[in-house]
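The values are calculated or read from the model by the stated rules, or taken from the named source; none is laboratory data. The model shown is predicted, which means the values in this text are computed figures rather than measured ones. Methodologically, a virtual Cβ is constructed for each residue, glycine included, from the backbone with ideal geometry; neighbour enumeration extends over all protein chains shown. All accessible areas refer to the heavy atoms of the entire protein, side chains included, with ligands and DNA or RNA removed. Shrake-Rupley method; radii C 1.70, N 1.55, O 1.52, S 1.80 Å.
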Amino acid sequence: MSSVQASRGTRDILKPEIYYWQKLESVARRILTHAVYTEIRTPAFESTELFARGIGEATDIVGKEMYSFIDRGDRSLTLRPEGTAGVVRALIEHKLYAQADVQKLWYTGAMFRYERPQAGRQRQFHQLGVEVLGSADPRADAEVIAIASDFLSELGLTELVVDLNSVGNAEDRLAYRQALVDYFTPYADRLDPDSFDRLSRNPLRILDSKHPQTQEIVQAAPSILDYLSPTSQQHFEQVKSLLTDLGIAFRIDPRLVRGLDYYTHTAFEIKSSQLGAQAAVCGGGCYDRLVAELGGPDTPAVGWAIGLERLVLLLQKLDEVKPPALDFYIISRGEQAEPKSLLVAQNIRRAGFRTELDLSGAKFDKQIKRAVTAGARYAVIIGDTEAASGNFQLKDLASGQQQSVTLLELISIASLT
Ligand code: ATP
Ligand code: MG
């Protein structure tokens, strides 16, 4: 591999793709700030132990996808494969639960998983996530789904579907687990090796298999919904009814179990048919056991994570996103003019206008052409004469009109039009 090539499964985000990222980041920030969720920034790496315990040994993530390494102090560390474990670690470490009963948090950042790179699947990818910690109220589940749904529709993504399920509580799953073992055992020799392995360790995981032959067998497997206790059932009914009241359409998918061990009750995914095999844009659910599992007090929780690469792929199918329009393009040529041009640019920028300074020193007509290509509203032309007099040529690039103006006049003209 060449040293001037990004590592496999990683990529650079360049113009114009970056405009899509900036758009979704600003929409996300606005929506989450409106819903009074607080941003949290946790480290990009944590102890390997945190993920092993928090995500679960039997998951693909812990079993084969982690970027783990021993640092120079002999500690085993792992680049975060997801955001929840770090957020929960922070909650416990800083006793955030003592500050308020319910914490509503959001995060965004790079995640790392050793996977086979494909469209919408990378080794370094980005997630936006929310976590509501400290509430077992079904409204918390519906609220986070509603926020995801608003975010996605605000971005113009309307063809998405919400798949919903309940995985019940630990006791419900114990009974269900046995039913799954009974069901899968006769098919044991037809399961893929991972699923065969999970038959004894964690049969629920088999439902999550992406292996075609296993998926076929999974079709007729027992449904968790038949194993829910009355309390779990009631929780699920309430979530469904809240979503219906909100006008959020959903499909029930009793095979939806999610890849992580700590999920309880509500599990959901938001999918797009436009993404091929990597259809899931958002995955989430309740994880009532995780905080206690990691040494904190019993804390019910619910959250989701959205894969931003997949979102950008979808956004690119919609309208083109452009950078904000350019107000001024500053053109200068000459010994006095060039240093002056920076001062002029800074003054116009401080007045609130988006201003590009041409640093090329090329001929005036060449710079004017660039101003037009850049889509600027005005060009400010500064030669040595203008630099000495303080009167600049202001050219309206749409009409072609040109006039001689001072800096103050130029700013007031731009403010009025
Ligand atoms: P998948 O089934 O596609 O592997 P997952 O269940 O592993 O997804 P989660 O851990 O729930 O995914 O992560 C939430 C979201 O993050 C996914 O729905 C997806 O949009 C995104 N995501 C997960 N892994 C990757 C990856 N390797 N590259 C890009 N996006 C990813
Ligand atoms: Mg995965």
Quick one: what pairs do we get from segment 363-386, first residue open to solvent by 40 Å² or more (accessible area, probe 1.4 Å), second part of a helix (DSSP H, G or I), C-beta under 8 Å, 6+ apart or different chains? R377/A414; D384/A337
Which of the residues that make up segment 305-330 are open to solvent by 20 Å² or more (accessible area, probe 1.4 Å) and either among the aromatic types (F, W, Y) or within 30 Å of Q393 (Cα to Cα) (or both)? K322, P323, P324, A325, D327
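Considering each of Y37, Y19 in turn, give the residue that is within 18 Å of F125 (Cα to Cα) and either touching a residue at least 40 places away in the same chain (Cβ under 8 Å) or exposed (fewer than 14 other Cβ atoms within 10 Å of the Cβ) (or both). First the steps, then the outcome.
On the way: Y37 fails: within 18 Å of F125 (Cα to Cα).
Just a single option satisfies the conditions, and that option is Y19.
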So in segment 28-62, with the set limited to residues that are within 16 Å of ligand 2 (Cβ to nearest atom) and among the aliphatic types (A, V, I, L, M), which one is modelled with the lowest pLDDT? A58
Which numbered condition A85 misses (of (1) in a helix (DSSP H, G or I); (2) away from ligand 2 (no atom under 16 Å from the Cβ)): (2)
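Enumerate the strands (runs of 3 or more DSSP E) found wholly within segment 352-400, keeping only those where 3 or more residues are β-branched (V, I, T).
378-382
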Exactly one of E320, E335 is among the charged types (D, E, K, R) and within 30 Å of L160 (Cβ to Cβ), and that residue is E320
Of all the residues that make up segment 69-82, how many are within 20 Å of G9 (Cα to Cα) and open to solvent by less than 60 Å² (accessible area, probe 1.4 Å)? 5
What are the residues in segment 88-125 that are open to solvent by 50 Å² or more (accessible area, probe 1.4 Å), in contact with a strand residue (DSSP E or B) (Cβ under 9 Å, 6 or more places away or on another chain) and not in a strand (DSSP E or B), if any? R89, Y97, V102, Y114
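Is it true that I381 is farther than 30 Å from E143 by Cβ and more than 38 Å from the chain's Cα centre (by Cα)? Give the derivation first.
Working: farther than 30 Å from E143 by Cβ: yes; more than 38 Å from the chain's Cα centre (by Cα): yes.
Criteria met by I381.
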Among the residues of segment 169-203 satisfying the criterion of being in contact with a helix residue (DSSP H, G or I) (Cβ under 7 Å, 6 or more places away or on another chain) and free of Cβ contacts under 8 Å to residues at least 12 places away in the same chain, which is most open to solvent (accessible area, probe 1.4 Å)? F196
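Does segment 210-221 contain at least one residue that is surrounded by 14 or more Cβ atoms within 10 Å (Cβ to Cβ) and more than 32 Å from the chain's Cα centre (by Cα)? Outline the logic, then answer.
From segment 210-221, those surrounded by 14 or more Cβ atoms within 10 Å (Cβ to Cβ) are 211, 214-215, 217-218, 221; that's our starting set.
Filter once more, keeping what is more than 32 Å from the chain's Cα centre (by Cα): 217, 221.
Yes; the residues of segment 210-221 include at least one that is surrounded by 14 or more Cβ atoms within 10 Å (Cβ to Cβ) and more than 32 Å from the chain's Cα centre (by Cα).
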Residue check for A148: in the same structural domain as E65 (by TED's automatic domain parsing) and within 14 Å of ligand 1 (Cβ to nearest atom): yes
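May I ask you to say which residue of S232, S200, S241, S195 is in contact with a Phe, Trp or Tyr (Cβ under 9 Å, 6 or more places away or on another chain), not in a loop (DSSP other than H, G, I, E, B) and not charged (D, E, K, R)? Steps first, please.
On the way: S232 fails: in contact with a Phe, Trp or Tyr (Cβ under 9 Å, 6 or more places away or on another chain); S200 fails: in contact with a Phe, Trp or Tyr (Cβ under 9 Å, 6 or more places away or on another chain); S241 fails: in contact with a Phe, Trp or Tyr (Cβ under 9 Å, 6 or more places away or on another chain).
After ruling out the rest, the residue left standing is S195.
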